[in-house]
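S.K.: Quick one: the structure is below, questions incoming.
Read-outs: derived from the displayed coordinates by stated rules, not from any lab. Quick caveat, the model's predicted, so the values are computed rather than measured. All Cβ positions, even for glycine, are placed from backbone atoms using ideal geometry, and neighbour counts span all protein chains on display.
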Amino acid sequence: MIRLKHFTLGCLLVLSANTFAQKKQVDLYALIHKMSVEEKAGEMTQLDLGVIANGEICNLTQPQSINQEKLSKAIQKYHIGSFLNVGCGSGTISRSNWSVIFSSIQKETQKTRLQIPIVYGIDAIHGNNYTMGATLFPQQIAQAATWNPTLVKQGYEVTAYEARASGIPWNFSPVLDLGRQPLWSRFFETFGEDVLLANKMTVAAISGLQGDNKYSPYHVAACMKHFLGYSMPLSGKDRTPIWMSEREMREYYLPTFQTAIQQGAKTIMINSAEINGTPVHANYDILTTLLRNELGFKGVAVTDWEDIYKLVDMHRVAANKKEAVYQAIMAGIDMSMTPNDYQFTELLIELINEGRIPMSRVDSSVYRILNLKYELGLFDGLDTKTTYPLFGSEVHAAKSLAVANECITLLKNENQTLPILHKNEKIFICGPGANSLNYLNGAWTHTWQGVDTNFNTKNKLTTLAAIQQYAGKENVSYALGSSIDVADDYAKCIVKAKNADKIIICLAETPSTEIPGNIDNLYLPKAQEDLVIALSKLNKPIIVVCTFNRPRILKNIIPFADAILYAYLPGDEGGKAIASVIYGETNPSGKLPFSYPSDANNILHYDHKHAEDMHTDFSNNGYRPAFDFGFGLSYSNFVYSGFAISKNTLGSNDSITVNVQVKNNSNVAGKEVVQLYYADLVASITPSVKKLLAFEKIYLRAGEQKNIQFQIHKKDLSFINKQLKRVTEAGEFDLMIQNETKRIYVN
Ligand code: BGC
């Protein structure tokens, strides 16, 4: 069968002329027919840059450069199909260096018999963070807190553009795992705990990265991570077992992946952990029956880091690496992020030659990989003509700042402590987060764990520097006060703070992700709590700013803080955004995309079950978060009225129109997120107390009123039943906006 594909060129940005050469047509089936077993096994292998660069595998000589001998071994001897990253995440590369790296690789692939291009993948997690000078955005949890998918999509467009500007066509992003386990080290990489909100953000991310799914030199392939259920380890520790019923999995953890697949997401990365005793990398039911047969995913399934080998030494379901390769490939893996040696490739060749892995199985994976390369335009060679004038520009920084401004969530504001209206007020600022760019950015910032300050973007403002810009250096004094977990000199702070009108304390968490980010205690380290308590003795207004990887427990300091700004991990523009909220230039409009736990062992979600509402005194207030999902204060005062529904019965081909008026009853313009919730009163599966049904973020000038309308269909009220089918059962439902409820009947 001949498969000819023709793509017309898409140029989404008008900035540079469409100079990219006409796409070559490639007959992928004919190409596969020509490939040897060795070439096919190599095609299915992905190696880290460390294997072909100068230096040690995870400790490359800086700046990173290709080692010709190693490269030639990878391409000529092993026919490697893909490379990734920067040497175990060990440091950012300049655009000019990326270009040298890619042309060396291309020269090498052109010397091969079939001249198949490689596909390079990168973790561009919050902006294209492995290229020097790239625009760094707030992390995913912060993006979700904007409740503004349009803004979030623009961020992903910038990330795609800047990745392509560095020659990289494939991004291992977004993370679609739901953030329902706050202890988990990768909580900040999620879009939060709610399915609907995460779904909207998923659409924004995939469409931002991939554009309209046609070839474009400004877009990249997205990678849905990490299929499936990765974010819900029972222990809260990364890559540890998930124990979950299939019903729950389908209800909460599958929908974002389904949405992304419908959106055309081109690749998927697999969960490193096990579910109910079976590692996902060896699970045919998940990787083939569900992913391919049921969800219809046609793209590339890549393993996570070393995960085939981990079937032997971590999960112990395979006695040796050969068995592990067999299990993973037969389960449905297309590409192995091996990524530091050639054992996978060699073992796969053996298994194919022995006939244990059928050629048809291999060919379908090779086809998917070649097709990805084709769709990304890689057979046309390196694009040296398209220019990227906006890389790392002020225009892109402004987009990052817009997301940062809209994510910041005002959790407490007693006596209108914020905003600070007089710029000449004396400020004392302290805390581990005050003067650190890394703590604003979190992990995946120039390096894997994001703690190496050597690679930081030049000329970006920490919170301290940004506050100094607003208030004037003469009005701002600073002392560290505390590192993340060791008290510095509280006495020095007290002396300096005595002369201040207001105190800003920037609490933080050391950037970290994956296993290095595991913690045993969700509480804020005591040194930081004590700093707040010590300064509170001065009886001056205290403004607490939080930049955490996950919601660290604030219980011991909430009473001492007059204002609390939760800034998530707001990225390189985060300092500016925090200062602009503090000085009232930005009216905060972020809303929590998760339920903020009040205590380390009081972790419930807003969409909890009625049984979880049971308190010790048998009253219905068992759900006692420190701050509720969807919560966030504003400097404006929004007043809701006129909540009305068009009718109170809903059938299958029907819809109900919901109207509500929101008025900005203040003299400051602001943005509000109008949130509509519902409750299924009786159902065959215990219903949640409430669930988010729809939302819209609106802008209201001072005194302005707007009417917001939502259209509700029967399918919007569905859930997964005992037979694992999505259904809406007939019966009574409540629709809720703020504290008002309307009862409807669904038939
Ligand atoms: C992470 C992935 C990441 C990959 C490549 C893994 O350890 O779990 O999210 O994409 O490394 O760096």
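S.K.: With 10 angstrom as the radius, rank Ser65, Ser216 by how many other C-beta atoms surround their C-beta, starting from the fewest.
M.R.: Values: Ser65 16, Ser216 24.
Ascending Cβ contact count within 10 Å gives the list Ser65, Ser216.
S.K.: Applying a 10 Å radius around every beta-carbon, put 96-102, 161-167 in order of their mean neighbour count, most first.
M.R.: Numbers: 96-102: 18.0, 161-167: 25.4.
Ranked from most to least packed, the peptides come out as 161-167, 96-102.
S.K.: Based on alpha-carbon centroids, what's the gap between the range 698-713 and the range 474-507 in Å, whole number please?
M.R.: 42
S.K.: Treat every Asp and Glu Cβ in the range 533-603 as -1 and every Lys and Arg Cβ as +1, leave all other atoms uncharged, and give the resulting dipole magnitude about the Cα centre to the nearest 20 debye.
M.R.: Approximately 220 debye in magnitude.
S.K.: Oh, and also: Can you list which of the trypsin sites (Lys or Arg not before Pro) found in the range 181-288 are DSSP loop residues with at most 16 other C-beta atoms within 10 Å?
M.R.: Numbers: sites: Arg186, Lys200, Lys214, Lys225, Lys237, Arg239, Arg247, Arg250, Lys266; in loops: Arg186, Lys214, Lys237, Arg239, Lys266.
Sites meeting the loop and neighbour criteria: Lys214.
S.K.: Can you classify the range 424-519 as rounded, prolate or oblate using the Cα gyration tensor, where a ≥ b ≥ c are the square roots of its eigenvalues, rounded means a/c under 1.5, and otherwise it's prolate if a/b beats b/c and oblate if not? Walk me through the intermediate numbers first.
M.R.: Numbers: a/c = 3.19, a/b = 1.63, b/c = 1.96.
It is oblate, given that a/c is not under 1.5 and a/b is not larger than b/c.
S.K.: Right, here's the next one. Mind pulling the per residue volume of the convex hull built on the Cα atoms of the range 638-746? Å³ is fine. Spell out each step's value before the answer.
M.R.: Working: hull volume 10.0 nm³, N = 109.
Cα-based convex hull of the range 638-746, divided per residue, equals 92 Å³.
S.K.: Let me check against my output: what whole-number percent is the relative contact order of the range 408-613, with C-alpha pairs under 8 Å and at least 6 apart? Intermediate results must be reported in sequence, preceding the final value.
M.R.: Numbers: 420 pairs, mean separation 64.8, N = 206.
It comes to 31 percent, rounded to a whole number.
S.K.: Quick one: compute the contact order of the chain, relative version, from alpha carbon pairs under 8 angstrom and 6+ residues apart, as a percent.
M.R.: On the way: 1814 pairs, mean separation 94.8, N = 747.
Averaging sequence separation for qualifying contacts and normalising by length gives 13 percent for the chain.
S.K.: Past the 27 Å Cα-Cα mark, which pairs from Lys492/Lys540; Lys77/Lys322; Lys200/Lys423; Lys473/Lys498; Lys23/Lys298? Working shown, then result.
M.R.: Values: Lys492/Lys540 16 Å; Lys77/Lys322 20 Å; Lys200/Lys423 38 Å; Lys473/Lys498 17 Å; Lys23/Lys298 22 Å.
Beyond 27 Å between Cα atoms: Lys200/Lys423.
S.K.: Relative to the Cα centre, what is the charge dipole magnitude of the chain, using +1 at the beta carbon of each Lys and Arg, -1 at the beta carbon of each Asp and Glu, and rounding to the nearest 20 debye? Present the calculation step by step, with values, prior to reporting the outcome.
M.R.: Details: 72 positive and 72 negative charges, 270 e Å.
About 1300 debye.
S.K.: Given N residues in the chain, what is Rg(Cα) / (2.2 N^0.38 Å)?
M.R.: Working: Rg = 26.3 Å, N = 747, 2.2 N^0.38 = 27.2 Å.
Its radius of gyration relative to the 2.2 N^0.38 Å reference: 0.97.
S.K.: Hey, can you rank 621-633, 278-290 by average C-beta count inside 10 Å, highest first? Before the final figure, lay out each step's value.
M.R.: On the way: 621-633: 18.6, 278-290: 20.8.
For the peptides 621-633, 278-290, the packing ranking is 278-290, 621-633.
S.K.: Can you find, among Thr256, Phe227, Thr453, the residue farthest towards the positive end of the dipole of the chain? Put +1 on the C-beta of Lys and Arg, -1 on that of Asp and Glu.
M.R.: Comparing the listed Cα positions along the dipole, Thr256 ranks first.
S.K.: Here's something else I'd like to know. Given charges of +1 on the Cβ of Lys and Arg and -1 on the Cβ of Asp and Glu, with all other atoms neutral, how large is the dipole of the range 423-542 about its Cα centre, in debye to the nearest 20? Each step should come with its number before you reach the end.
M.R.: Values: 12 positive and 12 negative charges, 138 e Å.
Computed about the Cα centre, the dipole is about 660 debye.
S.K.: Another question, if that's okay. Of the DSSP beta bridges with both residues in the chain, give the percent that are antiparallel, rounding to the nearest 5. Mind dumping the intermediate values first?
M.R.: Working: 51 of 93 bridges.
Of all bridge pairs located within the chain, approximately 55 percent are antiparallel.
S.K.: Hey, if you put +1 on the Cβ of every Lys and Arg and -1 on every Asp and Glu Cβ in the range 408-613, which of Gln416, Gln469, Val545 ends up farthest toward the positive end of that dipole?
M.R.: Farthest towards the positive pole: Gln469.
S.K.: Would you work out which of Gly481, Ser173, Ala204 lies farthest towards the positive end of the dipole of the chain, given +1 charges on the beta-carbon of Lys and Arg and -1 on that of Asp and Glu, about the Cα centre?
M.R.: Looking along the dipole axis, the top candidate is Ala204.
S.K.: Once the mean 1/r over all distinct Cα pairs of the range 9-380 is inverted, what Kirkwood radius in angstroms do you read off?
M.R.: Numbers: mean 1/r = 0.0485 Å⁻¹.
Hydrodynamic radius (Kirkwood, Cα pairs) of the range 9-380 is 20.6 Å.
S.K.: Apply the Kirkwood formula to the range 553-633: the hydrodynamic radius equals the inverse of the mean of 1/r over all pairs of different alpha-carbon atoms; give it in Å with one decimal.
M.R.: Result for the range 553-633 stands at 14.6 Å.
S.K.: Restricting to Cα pairs below 8 Å that are 6+ residues apart, what does the relative contact order work out to for the range 367-517? Please round to a whole percent.
M.R.: On the way: 168 pairs, mean separation 43.7, N = 151.
Value for the range 367-517: 29 percent.
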